[in-house]
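Written out below as structure tokens is the structure these notes cover.
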Amino acid sequence: MSKNVPFEKFYQIPSAQQLLDYSFSKASSKSASLPKTLPNLEKVKRKEMKRIENSTDILSKKIKGIIKSVPNLDSLPEFYRRLSHLLVNNDDLRKNLGRLNGTVPIIQRLERDYKRKVTYQKTAKQCSATRVEFFGRCSSVIRKQAKTLEFLEKCRIDLMQVPRVDLILPSVVVAGYPNVGKSTLVGKISSAQPQISEYPFTTKQIYLGIYYDQYGSRYFQVIDTPGILDRPMSQRNQIEKQAILALNTIATVIIFVFDPTAASGYDVTSQIKLLEEIQQIFTEDLEIPIKIIINKIDFASQDEINLLLNKLTEMKMINNEKDVIRTNAKDGENVEDILKYLLKFFKNRDFRR
Ligand SMILES: Nc1nc2c(ncn2[C@@H]2O[C@H](COP(=O)(O)OP(=O)(O)O)[C@@H](O)[C@H]2O)c(=O)[nH]1
Ligand SMILES: [Mg+2]
């Protein structure tokens, strides 16, 4: 599962002060075990050298841990790669990681220098002063990384926006104008409690429902995208468009829902225009099939349904009326037909991407 959730191990990044407090307090709590016969000054020297060594180890380990926790955006699966590149400047990320990494050899050099310095000291007081001086030098190296650490923490928070999807399961992406019945339909073909996450740049959320087969195994996921695939692309800015395009890396099949009545507030012509756009985005290069649903058949007149069917046929969006599934999502009428279509589709095709 962790393979599917690339930001799971990207933990909170400490501030410079937190990093120092953690390392120095931990280093002091670990003391050296010394032979009793050793002269006092020698004991103090060993103790202080051990503290220098411990704090260097802890600090370097912590820094390396931070660097390792940051996912390599370039090697993420495509969906995550596209979205994360929109959210985080990858060059800046790399530069900041490099800068932080550069502190490790500096601290290690200080360790060598100050351990040697301890050996020259003549009194216990001088030994502990040397160690304190070492802590001071390390602190100033780490404090210079304050901005870097803040930057990394900001990246982490930004990347949290990327919705978690299951990359192994096939994905049904639902599209269509607002109020046509998408959410109602999604509720009927997947788990009642969808997982909700933010979708970058849209101030919108995506809803992810899971369909379980009769054995209780996850079979496919349904992605409802209110506010995302429900208005013309001409109304979107460039970044929004790219965020939307990332959906085509996970969509196995699209369900496009029509309301043949004017009840949703959008006429059939506008709805067909949106369908055309979505065809351009998803089917032209990628050949992701779009299944057309005519919803609200309980409410629509036969004339309204026929008008829509004729237009779709005229525009060659369907070959014949049988290509369309007609539903009443509210009462669950014919929703089985959508499920049948999907299950057959996934069975006949290697959907894994
Ligand atoms: N009469 C009727 N109403 C429906 C049907 N499907 C959905 N609705 C209603 O249409 C409204 C909008 O539905 P919703 O699922 O929120 O649409 P969405 O904006 O596309 O997600 C709600 O009041 C639903 O109860 C249907 O098949 N028949
Ligand atoms: Mg909805």
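The values are calculated or read from the model by the stated rules, or taken from the named source; none is laboratory data. Treat the numbers as computed from the prediction; the structure is a model and nothing was measured. Note that each Cβ is placed from the backbone with ideal geometry, even for glycine, and that neighbours are counted across all protein chains shown. Remember, those area values only see protein heavy atoms, side chains included, never the ligands or the DNA or RNA. Shrake-Rupley method; radii C 1.70, N 1.55, O 1.52, S 1.80 Å.
Label points 7 Å out from Cα along the Cβ direction at residue 91 and residue 164: separation in nm?
3.3
Please sort 95-108, 156-169, 175-188 by packing, taking for each peptide the average over its residues of neighbouring beta carbons within 10 angstrom, highest first. The partial results should precede the final answer.
Details: 95-108: 15.6, 156-169: 17.9, 175-188: 21.8.
So the peptides 95-108, 156-169, 175-188, ranked by packing, come out 175-188, 156-169, 95-108.
At a Cα cut-off below 14 Å, give the aspartates and glutamates reachable from residue 344, other chains included and same-chain residues fewer than 8 away excluded.
213, 336
Which of the listed residues, 226, 339, 193, is farthest toward the dipole's positive end in the chain, when Lys, Arg count +1 and Asp, Glu count -1 at the beta-carbon?
193
Between segment 160-177 and segment 96-159, how many Å separate their Cα centres?
44
Could you tell me the accessible area of residue 75 in Å² (1.4 Å probe, neighbours in place), rounded to the nearest ten?
My reading of the accessible area for residue 75 is about 90 Å².
Could you tell me what percent of the accessible area of the chain is made up of carbon and sulfur, with a 1.4 Å probe and every protein chain present?
The C+S portion of the solvent-accessible surface of the chain is 49 percent.
How high is the relative contact order of the chain, in percent, counting Cα pairs under 8 Å that sit 6 or more residues apart?
Worked out over the chain, it gives 16 percent.
Using θ = phi - 60° and the Karplus curve 6.51 cos²θ - 1.76 cosθ + 1.60, what whole-Hz ³J(HN,Hα) does each residue of segment 154-169 get, with Gly and Pro shown as x?
5, 4, 4, 5, 4, 5, 4, 5, 5, x, 7, 10, 8, 7, 8, 6
Quickly estimate the mean residue ellipticity at 222 nm for the chain, helices only: each DSSP H run with n ≥ 4 gives -39500 (n - 2.57), and the total goes over all residues, rounded to 500.
After summing the helix terms and dividing by the residues of the chain, the value is -16000 deg cm²/dmol.
Output wanted: per-residue J couplings in Hz (rounded whole) for segment 312-318, from phi through Karplus 6.51 cos²θ - 1.76 cosθ + 1.60, θ = phi - 60°, x for Gly and Pro.
For segment 312-318, the Karplus curve yields 5, 5, 3, 7, 6, 7, 9 Hz.
Taking the Cα centroid of segment 38-69 and of segment 205-269, what is the distance between the two, rounded to the nearest whole Å?
The two parts, judged by their Cα centres, are 55 Å apart.
What is the distance, in nm, between label points placed 7 Å from the Cα along the Cα-to-Cβ direction at residue 33 and at residue 154?
4.8
Scan around residue 176 for amide H atoms under 5 Å from its own, H built in the peptide plane at 1.01 Å from N, and keep only partners 5 or more places away or cross-chain.
For residue 176, whose amide H was placed from the backbone, the distant partners under 5 Å are 257.
Stretch residue 344-residue 212 to full length: gain in nm at 0.36 nm per residue minus the Cα-Cα span?
46.0 nm
Can you list the residues, at least 5 places off or on another chain, whose amide H is less than 5 Å from the amide H of residue 220, using H built in the peptide plane?
211
For segment 2-159, what class follows from the C-alpha gyration tensor (a ≥ b ≥ c being the square roots of its eigenvalues): rounded when a/c is under 1.5, otherwise prolate if a/b is larger than b/c, else oblate? Intermediate values should be presented prior to the final figure.
Numbers: a/c = 3.58, a/b = 2.72, b/c = 1.32.
Prolate, because a/c is 1.5 or more and a/b exceeds b/c.
I'd like to compare 141-148, 219-226: which one has the highest average count of other Cβ atoms within 10 Å, and what's the full order after that?
Values: 141-148: 16.6, 219-226: 22.0.
Most protected by this proxy first, the peptides run 219-226, 141-148.
Near the amide H of residue 199, under 5 Å away, which other amide H atoms are found, from residues 5 or more places off or on another chain, if H is placed in the peptide plane?
Correct list: 204, 205, 206.
How would you classify the chain from its alpha-carbon gyration tensor, with a ≥ b ≥ c the square roots of the eigenvalues: rounded for a/c under 1.5, else prolate if a/b is greater than b/c, otherwise oblate? Intermediate results must be reported in sequence, preceding the final value.
Details: a/c = 4.30, a/b = 3.33, b/c = 1.29.
Prolate is the answer for the chain, as a/c is 1.5 or above and a/b outweighs b/c.
Over segment 171-347, what is the relative contact order in percent, taking alpha-carbon pairs closer than 8 angstrom and at least six residues apart?
Working: 291 pairs, mean separation 42.0, N = 177.
Rounded, it is 24 percent for segment 171-347.
Determine ³J(HN,Hα), in whole Hz, for all residues of segment 95-107 in sequence, where each value follows from phi through the Karplus function 6.51 cos²θ - 1.76 cosθ + 1.60 and θ = phi - 60°; x replaces Gly and Pro.
4, 5, 5, x, 4, 5, 4, x, 6, 4, x, 5, 5
Under 1.5 on a/c is rounded, so check that first for segment 171-347, then, if it is not, pick prolate when a/b is larger than b/c and oblate when it is not; a ≥ b ≥ c are the square roots of the alpha carbon gyration tensor eigenvalues.
rounded
Please give the residues of segment 92-110, grouped as numeric ranges, whose backbone N is less than 11 Å from a label point set 7 Å along the Cα-to-Cβ vector of residue 137.
Only 106-110 fall inside the zone, counting backbone N under 11 Å.
Where in segment 61-98 does the label zone of residue 9 land, with the point 7 angstrom along Cα→C-beta and an amide N cut-off under 11 Å?
Zone members listed by number: 68-72.
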